[in-house]
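Step one of this worksheet: look at the structure below.
A short reminder: the numbers here are calculations on the coordinates, not readings from a lab. All of these numbers come straight from a predicted model, not from anything done at the bench. Because the Cβ atoms are built from the backbone with ideal geometry, glycine has one as well, and the counts that use them run over all protein chains shown.
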Amino acid sequence: MAQKKSISTRRRFLRQSAAATGFLFAPGLIGCTSGNNNTSAEDAAPAPRRPNQDRKLGVAILGLGGYASGQIAPALQLTEHCELRGLITGSPEKLPEWQEKYNVKEANSYTYDTMDEIADNDEIDVIYVITPTATHRDFAVRAANTGKHVWCEKPMAMTAEECQDMIDACNENGVRLAIGYRMMHEPNTRKLIELTEERAYGALTGAHAYAGYGGSPPSTDNWRGQRDMGGGALYDMGVYSVNGLRYGTQMAPEAVVKATQTRQDHANAVDLTTEYTLRYPGGMLAEGKTSVVTNYNELHIEAEEGWYEMDPMQPYTGVTGETSDGKLLGPAVENQQSIQMDDDALAIMNDTEFIAPGTLGLKDVAVIQAIIESAASGQEVAIEHQG
Ligand code: NAD
């Protein structure tokens with residue numbers, strides 16, 4: 001055991017050194033680490049989407065639940081730069097079916113008890129944490145300590161402090177941390193972001209983001225119905241509205257002006273609906289609402305000379321939008337998650353910025369915390385960690 005630890009420690013040291021020098025991967029990649037290179041004016045063209053190499057990142061999924069089985073594992077089959085090579089679960093009885101379906105080796109299959117041994121498995125480059133939100137911090141820190149890059153589902157964690165622990169663990173281990181914000185990779189959403197960046201309709205004057213689904217209140221038997229596990233409208237769906245207002249306005253909010261939350265009447269009850277108003281530097285306001293009992297789904301940006309919006313803004317399929325002068329932000333793309341994972345794989349391979357790094361996930365969780373505080377106190381609350 002002592003020997004295993006020293007191997008892992010040495011491996012981690014090598015990875016940290018590699019990350020520090022940029023030589024993180026095999027020789028085929030060395031010519032392509034474009035992120036921090038100096039570029040002359042002539043070759044400032046957009047980086048090619050495909051690097052000149054044939055290596056794929058080996059991804060291990062941690063948490064074989066609904067999103068992993070319904071979306072991420074199938075989407076991995078559609079990626080160009082990733083391969084589903086590993087499984088980590090607390091329910092080992094799930095492994096045979098997953099191994100057979102996705103051709104994953106027994107040697108690349110782990111339980112929560114054995115997952116630290118993945119440090120010695122060179123076939124795995126990334127651990128993708130897809131478990132209930134309240135477990136993200138601990139799993140992500142353990143994943144980082146194995147020397148693997150970490151992808152983590154939204155919302156990043158329960159508090160900004162937990163998010164910071166995850167960022168620190170990744171930095172200490174010389175690995176990268178991305179959040180599974182699929183909308184930020186979705187091509188039509190990116191067209192909307194471009195309109196904001198270009199101020200195509202003049203200065204922004206307001207915005208709203210609504211993300212909710214109709215149905216019965218979540219069962220208290222499931223983590224989605226348990227407040228302390230990260231269940232409820234605001235963490236589960238509201239993070240899309242908070243994040244949508246951020247990418248839609250390209251601005252950081254300074255305060256929650258007011259907020260309300262409705263919840264059932266028991267100790268660990270989740271919010272069923274949350275509504276909030278954010279204020280930005282300069283005074284612009286934005287409205288957000290989210291629900292697990294009411295259906296709505298749109299992101300709308302108002303500007304001095306027009307408006308533009310995504311409607312719907314965040315389902316797995318069908319995301320499209322339009323502008324006040326009749327342009328279509330479409331057509332809907334086939335698979336958001338495969339685009340997300342390819343983007344994140346390329347960012348690792350080419351040593352470039354993630355579209356949605358851990359530092360961004362932390363900012364959104366800080367907004368969520370301020371909304372909760374404002375709803376509880378009935379007061380305006382300043383939002384921290386937005387710098
Ligand atoms: P799920 O309940 O279907 O699956 C959760 C998995 O985590 C299960 O395999 C469960 O066994 C495991 N787990 C580990 N520790 C656990 C614990 N302490 N309690 C309960 N389960 C535990 O949930 P899901 O829908 O797959 O969601 C998982 C994560 O993915 C959440 O953070 C959620 O917000 C996120 N998610 C993201 C999207 C998206 O579109 N990006 C969609 C759905 C879910």
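Here is how the numbers come out for the structure above:
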quantity: Two-site label geometry, GLU123 and THR359: point separation in nm, points 7 Å out along Cα→Cβ; calculated: 3.6
quantity: Neighbour net charge for ILE167 - beta-carbon separation under 12 angstrom, K R +1, D E -1; calculated: -2
quantity: Proximal lysines to LYS363, defined as alpha-carbon separation beneath 24 angstrom and excluding residues fewer than eight positions away on the same chain; calculated: LYS148, LYS154, LYS191, LYS258, LYS289
quantity: Diffusion constant of region 153-231 at 25 °C, which comes from Stokes-Einstein with the Kirkwood Cα-pair radius and 0.890 mPa s, µm²/s; calculated: 150
quantity: For the chain, built as a Gaussian network whose Cα springs stay under 10 Å, the top-fluctuating residue of PRO331, PRO253, PRO312; calculated: PRO331
quantity: GNM top mover of GLN336, GLN164, GLN314 - the chain, alpha-carbon springs below 10 Å; calculated: GLN164
quantity: Cα gyration tensor, region 69-141 - rounded (a/c under 1.5), prolate or oblate; calculated: rounded
quantity: Expected 222 nm ellipticity per residue - DSSP helices of 4 or more, -39500 (n - 2.57), all of the chain, to 500; calculated: -9000 deg cm²/dmol
quantity: Alpha-carbon Debye profile of the chain, log10 I(q)/I(0) at 0.06, 0.08, 0.09 Å⁻¹; calculated: -0.24, -0.42, -0.54
quantity: Virtual spin-label span in nm between ASP116 and ASP265, 7 Å along Cα→Cβ; calculated: 4.7
quantity: Fewest-first ranking of VAL104, VAL242, using other Cβ atoms within 10 Å as the exposure measure; calculated: VAL104, VAL242
quantity: Hits among lysines - C-alpha to C-alpha of LYS94 under 20 Å, sequence gap 8 or more where chains match; calculated: LYS105
quantity: Computed label-point distance, nm, for sites GLU305 and ALA255 using a 7 Å Cα→Cβ extension; calculated: 3.2
quantity: Exposure proxy ranking, count of Cβ atoms within 10 Å, fewest first, for LEU234, LEU64; calculated: LEU64, LEU234
quantity: Sorted by Cβ neighbour density within 10 Å, fewest at the top, the residues GLU123, GLU162, GLU322; calculated: GLU123, GLU322, GLU162
quantity: Gap separating the Cα centres of region 188-213 and region 336-350, nearest whole Å; calculated: 23
quantity: Sites GLU334 and GLU97 - FRET efficiency at Förster radius 25 Å, r taken between beta-carbons, to 0.05; calculated: 0.45
quantity: Helix runs (DSSP H) in the chain reaching 30 Å along axis by Cα, Kyte-Doolittle at least 1.0; calculated: none
quantity: Long-range amide H partners of THR320 with built H, under 5 Å; calculated: ASP311
